[in-house]
Amino acid sequence: MPNQQTAALDQVFRGLADPTRRAVIERLGRGPAPVTALAEPFAMALPSFAQHLSVLEDCGLVRSRKVGRVRTYYLVPGPLKRVESWLDRQRSHWERRLDQLDEHLATLKDSQS
């Protein structure tokens, strides 16, 4: 994987590394929401919560739009699709490796019988 793609994937994982940010992503999966609605379930000051939103925006998982005094956030699914693709490749790789291990162990068992 080229370095630029690796760096982008690293950024997305950084965004997803925190449980607060993952909860925000889950909430935005149901539709756009203003900052105050997103922050409501969390026991933290709004500036601290805004830092989480900033991380999510920096890694491309969310975008925001300000109308008047209200800033609304939207989920951007593209980065999540890249993570899903990477995870699928990892799953496929490790399933092949485990299948090879099963075959090897079966061969060893047969040779000992």
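List the residue pairs whose Cβ atoms are under 8 Å apart, where the first residue sits in the range 72-95 and is of a type in the set (F, W, Y), the second is surrounded by fewer than 11 Cβ atoms within 10 Å (Cβ to Cβ), and the two are 6 or more positions apart or on different chains.
Hits for this filter: Y74/R65.
From the set of residues in the range 36-70 that are touching a residue at least 40 places away in the same chain (Cβ under 8 Å) and closer than 14 Å to A23 by Cα, which is surrounded by the most Cβ atoms within 10 Å (Cβ to Cβ)? Don't jump to the end; show me each part of the working.
First pass over the range 36-70, keeping only residues touching a residue at least 40 places away in the same chain (Cβ under 8 Å): 55-56, 58-61.
Those still in the list that are closer than 14 Å to A23 by Cα too: 55-56, 61.
Values: V55: 20, L56: 28, L61: 25.
By that ranking, first place goes to L56.
Against the definition (at pLDDT below 95 and exposed (fewer than 13 other Cβ atoms within 10 Å of the Cβ)), how does R30 come out, yes or no?
no
When the range 10-24 is examined, which residues are found to be more than 15 Å from V62 (Cα to Cα) and modelled with pLDDT under 95?
D10 - this is the single residue of the range 10-24 that is more than 15 Å from V62 (Cα to Cα) and modelled with pLDDT under 95.
With the condition kept exactly as written, say whether any residue in the range 13-26 is aromatic (F, W, Y) and either surrounded by fewer than 12 Cβ atoms within 10 Å (Cβ to Cβ) or touching a residue at least 24 places away in the same chain (Cβ under 8 Å) (or both).
Within the range 13-26, the first condition is being aromatic (F, W, Y), and the residues that meet it are 13.
Remaining after also requiring either surrounded by fewer than 12 Cβ atoms within 10 Å (Cβ to Cβ) or touching a residue at least 24 places away in the same chain (Cβ under 8 Å) (or both): 13.
For the range 13-26, residues aromatic (F, W, Y) and either surrounded by fewer than 12 Cβ atoms within 10 Å (Cβ to Cβ) or touching a residue at least 24 places away in the same chain (Cβ under 8 Å) (or both): present.
Given the conditions (1) touching a helix residue (DSSP H, G or I) at 6+ places or on another chain (Cβ under 7 Å); (2) closer than 18 Å to Q11 by Cβ; (3) at pLDDT 95 or above; (4) not aliphatic (A, V, I, L, M), which single one is not true for Q51?
Of (1) touching a helix residue (DSSP H, G or I) at 6+ places or on another chain (Cβ under 7 Å); (2) closer than 18 Å to Q11 by Cβ; (3) at pLDDT 95 or above; (4) not aliphatic (A, V, I, L, M), only one is false for Q51: (1).
Any residue in the range 80-89 that is among the β-branched types (V, I, T), surrounded by 10 or more Cβ atoms within 10 Å (Cβ to Cβ) and over 19 Å from A39 (Cα atoms)?
Yes: the range 80-89 contains one or more residues that are among the β-branched types (V, I, T), surrounded by 10 or more Cβ atoms within 10 Å (Cβ to Cβ) and over 19 Å from A39 (Cα atoms).
Suppose we filter the range 1-12 for residues that are surrounded by 13 or more Cβ atoms within 10 Å (Cβ to Cβ) and either without any contact (Cβ under 8 Å) to a residue 40 or more places away in the chain or within 10 Å of the chain's Cα centre (by Cα) (or both); how many remain?
Here the count works out to 3.
The values are calculated or read from the model by the stated rules, or taken from the named source; none is laboratory data. Here the structure is a predicted model, which is why all the values come from computation and not from measurement. Glycine gets a Cβ as well: all are built from the backbone with ideal geometry, and neighbour counts include every protein chain shown.
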